[in-house]
Structures are given as structure tokens and as C-alpha cells.
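Just below is one structure, and these are the notes that go with it.
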Amino acid sequence: MNNACTFSFGGQTMLISGASRGIGAATARMAAAAGARVVVNYREDRAGAEQVGRDIEAGGGQALVLQGDVGSAEDVVRMIDEVLSTWGPITTLVHNASALDRSSFLDVTLDQIDLMVNANVRGPFLMSQLVARRMIADGVRGSIIHISSILARQTIPNRTLYASTKGAIESLTKAMALDLAPHGIRVNAIAPGLIYTEALKAGMAAIGEEHFAKVIPFKRFGSPDEIASVVAFLASDAASYITGALIGVDGGLGVLEAGPR
């Protein structure tokens, strides 16, 4: 799938966290191709983020590459201030950045809990709150989109922390949608299944990709562009009456029942 997009985001500013690779990078490229000014956030992968920025500019788009850890309140405030001073109001916020932990429930430490909650819940909460306040002050009827995971509802062993934080994000999405509806700000979440990213490939290396693909009803992995296209839809006027939705993009994996087949 290519990064063509049928929606138009001319004159709009989209802030995407964790946009140096995978789903975030695909979303950044697609949004820019549709006319959005795109903020490419990264925490550590500067080279990847700068490459995304160059790709956007090579296609005639506008990109602002910003380093920042969404788990740090100071970084979140700094990034939002820089975007506002550079391009003005943010019209779409996409929370894609997240931390992953593969520890068993019995082995999880308090430090791990703090790290995961900061990155996957506290950071998105704070960034959403600050951006929503500015949207309201600027009269922007914007969109906030959280990237959740199929693991919020269909978890697997050794994903206790990750699954619980993604579950929190889905609850936050619904609660935010109600509080922000009077201001015309829409809040939705996307729950990807097995999307073929570098992170997924690393996680499958020891077992083999074929063992994962065969359990997906579509018999294939999803692509980052297939998530990005749903982000684009939710950010567009085509989704103007959608808020509080949790959309699974998983090739049917989310509707499978447990048990032998």
C-alpha cells in the first residue's frame, strides 16, 4: 500500500508523537501528502525522524522535527510551545509513541510501572489536556487520536504492563470524548493488530513470522499505511460525527474466539 491519501489537510497542523518510524512515520508522510504541516516527534531516533522530515519536504510538504519524551512533562510543554510559536494552533494530535514491556506480572517492578505509565498514560493525558485547552482558546474544533493496541482487550502472556496501559488509553479516549464534545473536539482511538513494523519483526524473531501470520483471518500482517489511512479518516471532516470510537484495524484478529481451531 502506498501513502496516497484522498483527504485534504491544507492549512492544518498535525502533531504526531513517535513519528520516526513505523506507524508514526507512515502517518506523518500521508498527512503531509494531503497538505498538513506535520510535527515529527521522536525520543531517541533522530536519524529516522530527520529522514521522515526530508521525505516530507522532498514531496513539497512542511515538517518540523522535534525531539521530546512524551513521558516527560517538561518535554511535552516545550514541544507544544514550539509548535504554537512556529505554526500556530494544532488541529490534530496523534498519540503514537509508546513504551513496551515484556515482563511477567510476577517480575514487574515499581520503576517499570512508573516508566510505562508515564510514557503510555500520563504523557498522552497531559499532552491531550494542553492541546485541548489551546484548541478551545483558539476556537479550533480539532481531533485527538490515540493509538492503542489489540492487546488492550486480547492480551498475551508477559504483556501485563503494556496491556493495562493501553486499556487505560481506551478508557481515557471515551472519557475525553464526553468532556470535549461540547467544544467540538473529537477524540478517538485505533487499536492495531499485528502491523509489520521493526518492533513487531524484532518480537517475532525467535518464533518465526509464519507462526503469527497464520492465526490472522486475513493471513497476512497489516502495513503501517493501513493504520495511517484510518488516522487520516478520523482526522478528516469525513469523520465529523465520530467521537469516543475504538476502531480495531487487525485483519479480523480481534474477533477471533479463543480455543482450538
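Taking amide H atoms as placed 1.01 Å from N in the peptide plane, the amide H of GLY142 lies under 5 Å from those of ARG186, each 5 or more residues away in sequence or on another chain. Using a Gaussian network model of the chain in which every pair of alpha carbons under 10 angstrom is joined by a spring, one finds that among VAL83, VAL38, VAL94 the greatest mean-square fluctuation is at VAL83. Here, P(r) means the percent of Cα pairs in each 5 Å bin from 0 to the largest distance; for the range 71-192 it is 2, 11, 21, 21, 18, 13, 8, 4, 2, 0.
Cα extents for the chain along the principal axes, largest to smallest and rounded to whole angstrom: 53, 40, 38. Placing a pseudo-label 7 Å from each Cα along the Cα-to-Cβ vector at ALA238 and LEU110 gives an inter-label distance of 4.9 nm. Packing-based ranking of 138-148, 58-68, 158-168 yields 138-148, 158-168, 58-68, ordered from highest to lowest mean Cβ neighbour count within 10 Å.
Packing, as the average of other Cβ atoms within 10 Å across residues, places the peptides 234-240, 13-19, 188-194, 105-111 in the order 13-19, 188-194, 234-240, 105-111, highest first. Fully extending the segment from VAL77 to SER223, taken as 0.36 nm per residue of separation minus the present Cα-Cα distance, adds 49.4 nm.
So what is the relative contact order for the chain, in percent, with contacts set as C-alpha pairs under 8 Å and at least six apart? After rounding, I find 19 percent.
Once the C-beta distance of LYS214 and ALA245 is scaled by a Förster radius of 41 Å, the resulting FRET efficiency is 0.90 to the nearest 0.05. Write out the GluC sites (Glu not before Pro) in the range 10-118 meeting two conditions: DSSP loop, and at most 14 other Cβ atoms within 10 Å of their Cβ. Counting only loop positions with at most 14 other Cβ atoms within 10 Å, the GluC sites (Glu not before Pro) in the range 10-118 are GLU44. Residues considered: PRO89, PRO217, PRO182. Largest GNM mean-square fluctuation over the chain, using C-alpha springs under 10 Å, is found at PRO182. Fully extending the segment from LYS174 to GLU198 would add 5.7 nm, taking 0.36 nm per residue of separation and subtracting the current Cα-Cα distance. If R0 equals 22 Å, the separation of the Cβ atoms of ILE136 and SER85 corresponds to a calculated FRET efficiency of about 0.70.
Other residues lying with their Cβ under 15 Å from the Cβ of LEU161 contribute a combined charge of 0, Lys and Arg counting +1, Asp and Glu -1. Note on the range 109-261: lysine pairs with Cα distance below 24 Å, sequence gap of 8 or more or different chains, count 4. Between ALA47 and ARG102, the FRET efficiency from the beta-carbon distance, with R0 = 45 Å, is close to 0.95.
Values quoted throughout were computed directly from the atomic coordinates according to the rules given, and no laboratory measurement underlies them. Owing to the predicted nature of the structure, the values given are computational and were not obtained by experimental measurement. Note: ideal-geometry Cβ built from the backbone for every residue, glycine included; neighbour counts use all protein chains shown.
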